[in-house]
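J.: Quick one: structure below, then a few questions.
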Amino acid sequence: MKKIALGVCSSISLYKACEIIRLFQEEGFSVRVIMTEKATRFINPYLFTSLTGERTIVHLFDEQQRPIEHISLVDEVSLLLVAPATANIIGKLASGVADDFLSTFYLAVKCPVLIAPAMNEAMFLHPQTQENIRKLKNLGVEFVEPESGYLACGKKGPGRLASPEKIVQKSLRLVRSKEIFKNKVILITAGPTREFLDPVRYLSNPSSGKMGYELAREAYELGAEVILISGPVDLEPPAEVYVEKVITAEEMRQAVLKHYARADVVVMAAAVADFKFSQSLPDKVKKEKIGPSLTIEKTPDILQELGASKSQQLLVGFAAETSQVTDRAFQKMKQKNLDLMVANDVSRPETGFGSDDNEVWLLWPDGRSKKIPRMSKRKISQQIFSEIEVLLNERQRNS
Ligand code: C5P
């Protein structure tokens, strides 16, 4: 099991460290917490000992500790994350002061270091703090920028600890990045599109965007540059992913085509509406004036267009079916000139639109297929990307 060293400093936001630990544990990591002496004035170290199952380290000289533990722990951890990090620890790390366990440990580690600052906005914006941050960045230390908002001191501005999700996603990118995904541009579409009859009525489908957002997160954690083109969904985009929001199929098409030439991989997870109204009106139409029938027409098939003009791009499509799932998906893969097809049966509520789980078939143009049993969309996205990795490696070998 991989281990993270988590440095916790004396900021009110240190309660968020509990959530950070839980998120790491869900990903199969163990966590060893190192608190500064001042942080123990806010919270007893036993809280983190209970959460992690490992004794929290505070002091450099501790009878109960293994001798020179700051050196022996170095070989066990894949990341040193300091969250929350105060102006004080940032200043100490920037100038090489080693007067407690955390600052001494920083000088001893060889793994990546990630710092998530949290402090009053004046302290954060102070030229000295900014200079310290620049110095550490020049030394290769990574940062998760604090968010702007209400701070514990009552002021408003930058200084609020980034969300535990963002901190953990960036941490995972540092420990999970793979060579093959570095410098790769991965274009992912997610969510439904809406095709409007007038400003208050539209054609759409129940896609929640969860699958596409999980794929974007996975691509980011594996080290790629990610472009997410998203239909209207109620989800927080993954950390540091470039997002373009669209509403209609035509807008999605324009956004995808804009980035297509740069893309190495395209994953079309969006549930693009297949039909639109032949007429889209700027003002709300009176009920009495509609019907008894409305004419609809097909939306552009974005993936088919990409398949017809593909060069270096690896194309992955999705097929949501309710019967003859693999047969239909196989046909679509051929028709759209894809390199991988993900087929799912959306007739089942536990694995269809909007659910947290999925169960899919992966299909390849050479006729191979593989069933991925029911699991979370997070795990499914990892399985899909491990197959994309195989295809990218094959391409690299053959080029
Ligand atoms: O033909 P069907 O809609 O089942 O194909 C599904 C795949 O094609 C998905 O990957 C979806 O994102 C994509 N698609 C598209 N443009 C459409 C309809 C679907 O790119 N108008």
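The values are calculated or read from the model by the stated rules, or taken from the named source; none is laboratory data. Since this is a predicted model, take the numbers as computed values, not measurements. All Cβ positions, glycine included, derive from the backbone under ideal geometry; neighbour counts span all protein chains shown.
J.: For segment 243-264, enumerate the residues that are crowded, with 16+ Cβ neighbours inside 10 Å, away from the ligand (no atom under 13 Å from the Cβ) and not acidic (Asp, Glu).
T.: ILE247, ALA263
J.: Any residue in segment 325-340 that is at negative phi sitting within a Cβ distance under 6 Å of a residue that is part of a helix (DSSP H, G or I) and within 8 Å of the ligand (Cβ to nearest atom)? List the pairs, counting only those 6 or more apart or interchain.
T.: LYS336/LEU303; LYS336/GLN304
J.: Also: Across segment 285-310, which residue is surrounded by the most Cβ atoms within 10 Å (Cβ to Cβ) among those that are in a loop (DSSP other than H, G, I, E, B) and within 12 Å of the ligand (Cβ to nearest atom)?
T.: THR299
J.: Got at least one residue in segment 48-66 being in the same structural domain as GLU142 (by TED's automatic domain parsing) and under 14 Å from PRO164 (Cα atoms)?
T.: There is no residue in segment 48-66 that is in the same structural domain as GLU142 (by TED's automatic domain parsing) and under 14 Å from PRO164 (Cα atoms).
J.: Using the structure shown, decide if GLN313 is among the polar types (S, T, N, Q), more than 12 Å from the ligand (Cβ to nearest atom) and touching a Phe, Trp or Tyr at 6+ places or on another chain (Cβ under 8 Å).
T.: Against the criterion (among the polar types (S, T, N, Q), more than 12 Å from the ligand (Cβ to nearest atom) and touching a Phe, Trp or Tyr at 6+ places or on another chain (Cβ under 8 Å)), GLN313 qualifies.
J.: Residues to consider are LEU60, LEU51, LEU14; find the one that is crowded, with 16+ Cβ neighbours inside 10 Å and in contact with a His (Cβ under 8 Å, 6 or more places away or on another chain). So that I can check it myself, show each step before the final result.
T.: Numbers: LEU51 fails: in contact with a His (Cβ under 8 Å, 6 or more places away or on another chain); LEU14 fails: in contact with a His (Cβ under 8 Å, 6 or more places away or on another chain).
So the residue among LEU60, LEU51, LEU14 that is crowded, with 16+ Cβ neighbours inside 10 Å and in contact with a His (Cβ under 8 Å, 6 or more places away or on another chain) is LEU60.
J.: Out of the residues in segment 324-340 that are part of a helix (DSSP H, G or I) and aliphatic (A, V, I, L, M), which is surrounded by the fewest Cβ atoms within 10 Å (Cβ to Cβ)?
T.: Per the stated criteria, the residue is VAL325.
J.: Does PRO112 count as within 22 Å of PRO164 (Cβ to Cβ), in contact (Cβ under 8 Å) with a residue 60 or more places away in the chain and surrounded by fewer than 19 Cβ atoms within 10 Å (Cβ to Cβ)?
T.: yes
J.: Which ones in segment 177-194 are away from the ligand (no atom under 16 Å from the Cβ) and in contact with a helix residue (DSSP H, G or I) (Cβ under 8 Å, 6 or more places away or on another chain)?
T.: SER177, LYS178, ILE180, PHE181, LYS184, VAL185
J.: Same structure again: Here are some residues: PHE105, PHE124. Which one is farther than 15 Å from VAL241 by Cα, in a helix (DSSP H, G or I), of a type in the set (Phe, Trp, Tyr) and touching a residue at least 60 places away in the same chain (Cβ under 8 Å)?
T.: Criteria check complete, one pass: PHE105.
J.: Continuing with the same structure: Does segment 341-358 contain any residue that is within 13 Å of the ligand (Cβ to nearest atom), in contact with a helix residue (DSSP H, G or I) (Cβ under 8 Å, 6 or more places away or on another chain), in contact (Cβ under 8 Å) with a residue 40 or more places away in the chain and in a strand (DSSP E or B)?
T.: yes
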